[in-house]
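Q: Okay, here's the structure, questions in a sec.
The values are calculated or read from the model by the stated rules, or taken from the named source; none is laboratory data. All of these numbers come straight from a predicted model, not from anything done at the bench. Please note: Cβ atoms are built from the backbone with ideal geometry, for glycine as well, and neighbour counts cover all protein chains shown. We work out accessible area using only protein heavy atoms, side chains counted, and drop any ligands, DNA or RNA first. Shrake-Rupley method; radii C 1.70, N 1.55, O 1.52, S 1.80 Å.
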Amino acid sequence: MTISIQGVSVSRGIAIGKVHIVQHDQLEVPEYTILNSQINDELSRFNNAIADARQQLRAIRDHIPNSTRVDVSAFIDTHLLMLEDITLTEEPKRVIKERSCNAEWALKLQRDALVNVFNEMADTYLSTRRDDVDHVVNRILRVLLKQKPLLHEVPDDHLKNRIIVADDLTPADTVLMQHYGITAFATEFGGPTSHTAILARSLGIPAVVGLHSARRFFKNEDLVIMDGSTGMLLIEPNRLIKSYYEKRQREVKRYYSSLRKLKSAPTESADGIPITLTANIELPKDFETVRDVGAKGVGLYRTEFLYMNRETPPNEDEHFETYLNVLKALRGLPLTIRTLDLGADKQVDGAGSQAGKLRSNPALGLRAIRLCLKEPGLFRPQLRAILRASAHGLVKIMIPMLTNIQEMQQVLKMVEDIKIDLDNCSIAYDSDIEIGGMIEVPAAAICADIFAKKLDFISIGTNDLIQYTMAIDRVNDEVNYLYDPLHPAVLRLINTIIKAGKKANIPVSMCGEMAGEKIYTKLLLGLGLRELSVHTASLLEIKKIINNTNIDELSSIIKKVLNTSSGAEVNLLLQHLNTKQSS
Ligand code: PEP
Ligand code: MG
């Protein structure tokens with residue numbers, strides 16, 4: 001019997017494949033006593049689990065992706081060493097014998113005792129080793145409980161062509177998907193503008209979120225069809241359904257290859273207004289596709305992905321080398337480097353003491369430029385590397401999440417100091433490098449005119465602007481229904497920003513997900529935007545709409561849009577707008 005499950009669509013495309021379940025939930029440790037006659041069996045169950053855990057770690061060490069330029073193997077070696085330590089390998093056996101308890105319980109008791117010792121240590125470095133104890137113990141527990149290893153921990157080839165079904169996935173998990181050849185993923189939690197969803201679109205992987213408890217219907221090895229456009233998942237489809245979706249898959253492929261003929265056509269509205277279409281990029285493979293789709297450069301390079309799946313942040317030279325490689329791939333096209341935007345749903349281990357700290361409201365906390373200004377040791381090497389790279393191509397600096405003008409002034413001062421330092425060291429850089437800012441906090445949007453006077457360009461980050469305007473966490477699927485780009489408040493803010501940019505005579509672009517959604521293209525052009533930065537996967541589709549739009553004809557409907565009282569009303573007007581000038 002085919003089971004159909006509806007989730008929230010976050011990345012288009014049809015995938016057909018077998019399921020691999022990923023479970024990050026806390027492990028439930030069973031606690032029970034055993035008979036004396038069962039003790040020997042329990043001891044060998046424990047010994048076998050230790051041996052399996054060792055085996056898993058060795059397999060992971062052999063399968064570290066080449067693209068992960070970190071010493072992950074040292075980290076794994078530490079865990080292997082811990083598996084040799086008698087506190088973990090022998091002590092639990094003593095507990096099993098003395099208390100006649102099951103192996104999981106004995107291991108948990110030993111873990112608790114060790115964690116207490118670590119908690120009492122004043123030395124912060126040593127106390128963080130507690131996490132290693134947890135990781136190693138959880139690995140042994142997973143083996144004892146016969147739970148599948150996590151995504152990073154299975155041999156590469158096992159995941160090829162699989163559809164991942166998970167409670168949740170971090171952006172760091174998602175970065176690795178292409179390496180593993182994963183075709184699609186579905187999660188219980190998450191929202192369409194979470195960074196995990198953005199990455200899925202960027203990788204061209206179909207994805208669905210918000211499965212909630214429906215996740216329990218999936219089993220490892222089930223055959224599943226995912227329709228990323230509708231958010232529908234079909235478990236164990238019959239032959240007829242499968243062949244229908246195989247046909248759809250071929251049609252989608254044909255549609256996208258038909259768009260390729262637009263690659264070298266100019267991006268210009270039907271009434272002759274030139275529009276700049278640039279690309280949003282995150283991962284090294286994205287750079288190759290920028291020219292492939294005829295983008296006019298990179299409007300948003302999310303550099304925080306350089307910090308993921310590693311233990312220490314990249315140093316200045318590593319930043320520099322990476323930017324040089326990107327510039328090489330762009331062959332003369334402009335590159336807008338967004339400085340580090342860690343925090344909120346992008347937590348990493350390796351970015352200094354503050355970044356990894358989880359607070360109750362991380363999206364409202366130490367994130368993006370706030371974190372960078374608090375930790376100049378993290379920020380300065382990146383700024384210095386960007387400046388050095390600016391001698392080798394057209395580079396712009398873009399600051400995320402500006403809230404007040406003092407932040408802007410602090411950044412400008414840092415850049416000036418670094419320039420002096422580079423001069424003293426006779427290192428070349430572009431002395432006229434443009435510095436722009438992302439307007440994504442309502443306070444900055446309302447005061448966009450103040451920022452526009454100090455900046456060389458502005459980019460509207462709608463993902464955060466909507467999150468903060470509507471007071472909803474963009475990764476929380478329970479309040480996702482409030483995520484409305486058409487809410488009058490959002491449209492008024494966008495309008496204010498565009499006007500401020502015009503008045504200050506500086507370019508205004510939009511790089512949030514709204515820019516890459518074809519239903520909003522005419523609206524954004526009508527509001528006056530002339531630059532959009534979108535994923536390479538949607539760029540040609542957006543170009544097609546731009547080329548078929550007569551911007552001059554949009555003005556009367558845009559006036560109405562700006563005077564409506566609800567997103568639903570705007571939606572109706574938008575439907576009219578989109579059908580009136582069909583694309
Ligand atoms: C945005 O907020 O719209 C944006 C482009 O930045 P990010 O999605 O990386 O927060
Ligand atoms: Mg943002």
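Q: Please work out which residue is nearest to GLY343 (Cα to Cα), limiting yourself to segment 458-492 and to residues that are among the hydrophobic types (A, V, I, L, M, F, W, C), within 16 Å of ligand 2 (Cβ to nearest atom) and in contact (Cβ under 8 Å) with a residue 40 or more places away in the chain.
A: VAL475
Q: Related question: Could you look through segment 244-262, keep only residues that are hydroxyl-bearing (Ser, Thr, Tyr) and under 18 Å from THR230 (Cα atoms), and pick out the one that is farthest from the chain's Cα centre (by Cα)? Spell out the reasoning first.
A: Of the residues in segment 244-262, the ones hydroxyl-bearing (Ser, Thr, Tyr) are 244-245, 255-258.
Cutting the leftovers down to under 18 Å from THR230 (Cα atoms) gives us 244-245, 255-256.
Details: TYR244: 32, TYR245: 28, TYR255: 27, TYR256: 24 Å.
Within segment 244-262, the match that is farthest from the chain's Cα centre (by Cα) is TYR244.
Q: Go through segment 15-33 and count every residue that is under 21 Å from the mean Cα position of the chain (by Cα) and open to solvent by 20 Å² or more (accessible area, probe 1.4 Å).
A: 4
Q: Just give me the residues in segment 33-47 being farther than 16 Å from LEU109 by Cβ and not in a helix (DSSP H, G or I), in sequence order.
A: Answer for segment 33-47, where residues must be farther than 16 Å from LEU109 by Cβ and not in a helix (DSSP H, G or I): just LEU35.
Q: Still on this structure, I have one more. Of the residues LYS543, LYS502, LYS522, which single one is outside the structural domain of ASP167 (by TED's automatic domain parsing) and surrounded by fewer than 23 Cβ atoms within 10 Å (Cβ to Cβ)?
A: Checking each option against the conditions leaves just LYS502.
This table checks each residue for (1) without any contact (Cβ under 8 Å) to a residue 40 or more places away in the chain; (2) within 16 Å of ligand 2 (Cβ to nearest atom); (3) touching a Cys at 6+ places or on another chain (Cβ under 9 Å); (4) outside the structural domain of PRO442 (by TED's automatic domain parsing).
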residue	(1), (2), (3), (4)
PRO362	yes, yes, no, no
ARG367	yes, yes, no, no
ARG370	yes, yes, no, no
PRO376	yes, no, no, no
LEU383	no, no, yes, no
ILE386	no, no, no, no
ALA391	yes, no, no, no
LYS396	no, no, no, no
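Q: Return the residues of segment 450-482 that are more than 12 Å from ligand 1 (Cβ to nearest atom) and within 17 Å of MET398 (Cα to Cα); say none if nothing qualifies.
A: Answer for segment 450-482, where residues must be more than 12 Å from ligand 1 (Cβ to nearest atom) and within 17 Å of MET398 (Cα to Cα): ILE450, PHE451, ALA452, LYS453, LYS454, LEU455, ASP456, PHE457, ILE458.
Q: Does LEU333 satisfy being open to solvent by 30 Å² or more (accessible area, probe 1.4 Å), touching a strand residue (DSSP E or B) at 6+ places or on another chain (Cβ under 9 Å), away from ligand 1 (no atom under 16 Å from the Cβ) and at pLDDT 95 or above?
A: yes
Q: Suppose we keep only residues that are open to solvent by 10 Å² or more (accessible area, probe 1.4 Å) and in contact with a strand residue (DSSP E or B) (Cβ under 9 Å, 6 or more places away or on another chain) within segment 530-539. Which one would you say is farthest from THR336 (Cα to Cα)?
A: Taking the candidates together, the pick is ALA537.
Q: While we're looking at this one, here's another question. One residue is enough: does segment 175-183 have a residue meeting the conditions within 14 Å of the chain's Cα centre (by Cα), buried (at least 20 other Cβ atoms within 10 Å of the Cβ) and in contact (Cβ under 8 Å) with a residue 24 or more places away in the chain? Break it down stepwise before answering.
A: Of the residues in segment 175-183, the ones within 14 Å of the chain's Cα centre (by Cα) are 175-178.
Still in the list and also buried (at least 20 other Cβ atoms within 10 Å of the Cβ): 175, 177.
This time we only want the ones that are in contact (Cβ under 8 Å) with a residue 24 or more places away in the chain, so: 175, 177.
Yes, there is a match, as at least one residue in segment 175-183 is within 14 Å of the chain's Cα centre (by Cα), buried (at least 20 other Cβ atoms within 10 Å of the Cβ) and in contact (Cβ under 8 Å) with a residue 24 or more places away in the chain.
Q: Continuing with this model, one more query. In this structure, is MET514 in contact with a Pro (Cβ under 6 Å, 6 or more places away or on another chain) and open to solvent by less than 40 Å² (accessible area, probe 1.4 Å)?
A: The answer is yes for MET514.
Q: On the basis of being of a type in the set (Asp, Glu), open to solvent by 50 Å² or more (accessible area, probe 1.4 Å) and either in a loop (DSSP other than H, G, I, E, B) or not assigned by TED's automatic domain parsing to the domain that holds PHE457 (or both), does ASP417 make the cut?
A: no
Q: On the given criteria, is GLN467 in the same structural domain as ILE337 (by TED's automatic domain parsing), of a type outside the set (Lys, Arg) and open to solvent by 30 Å² or more (accessible area, probe 1.4 Å)?
A: Spelling it out, it is not the case that GLN467 is in the same structural domain as ILE337 (by TED's automatic domain parsing), of a type outside the set (Lys, Arg) and open to solvent by 30 Å² or more (accessible area, probe 1.4 Å).
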